[in-house]
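J.: Dropping a structure here in structure tokens format, bear with me for questions.
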Amino acid sequence: RPLMGANIFGCDICQQVCPWNAAAPVAADPDFAPLTSPAPPLEALARFTEDDFREQYRGTPVTRPKYAGFLRNVAVAMGASGDAGYREPLEHLAQHPNDLVAGHAKWALEQLSGPSPSKDTSECVHI
């Protein structure tokens, strides 16, 4: 999981390393204009409802892993960052009814530094 880094999909890496993209001209045709912001903040993506997800990414490859897979990947990217600022959105995702999403959000919370304010740490062993 940590090897994903801040990438939500493999497409991110492909776009960055593709030699064809380095020399590609910017297209004037509106059909090639980006549909969305290329890098929305992870905390905003974590708050997407299923309707938001469908509306934002309809007709794009982002829908392939479906909504739950999208949220799973967002949680993994947050956890891999190690940024404690993602604690609140991850705590929200950890309560998600989908076990895939909740499980990955719980893993991500474990990756963040510092204790969770909503977690009882009285039984934690400190080394």
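Just so it is clear, none of the values below were taken in a lab; they were calculated from the coordinates. Bear in mind the structure is a predicted one, so any value in this text is a computation, not a measurement. Glycine also receives a Cβ, built like all others from the backbone with ideal geometry; neighbour counts cover every protein chain displayed.
J.: Please list 48-59, 85-96, 67-78 highest first by mean number of surrounding beta-carbon atoms within 10 Å per residue.
T.: Details: 48-59: 12.7, 85-96: 18.1, 67-78: 23.2.
Top to bottom by mean Cβ count within 10 Å: 67-78, 85-96, 48-59.
J.: Next up: Once you place label points 7 Å from the Cα toward the Cβ at Met4 and Asp31, how far apart are they in nm?
T.: The answer from the label model is 3.3 nm.
J.: Let me ask another. Convert each backbone phi in the stretch 85-100 into a coupling constant with the Karplus relation 6.51 cos²θ - 1.76 cosθ + 1.60 (shift: θ = phi - 60°), then list the ³J(HN,Hα) values in order as whole Hz, x for Gly and Pro.
T.: Residue by residue, the stretch 85-100 yields x, 8, 4, 4, x, 5, 5, 4, 5, 5, 9, 4, x, 7, 4, 4 Hz.
J.: Could you check the spin-label model distance between Lys106 and Arg58? Points 7 Å from the Cα along Cα→Cβ, value in nm.
T.: 3.5 nm
J.: Figure the gain on full extension for Arg47 and Cys14 (residue separation times 0.36 nm, minus the Cα-Cα span) and round it to one decimal in nm.
T.: 9.3 nm
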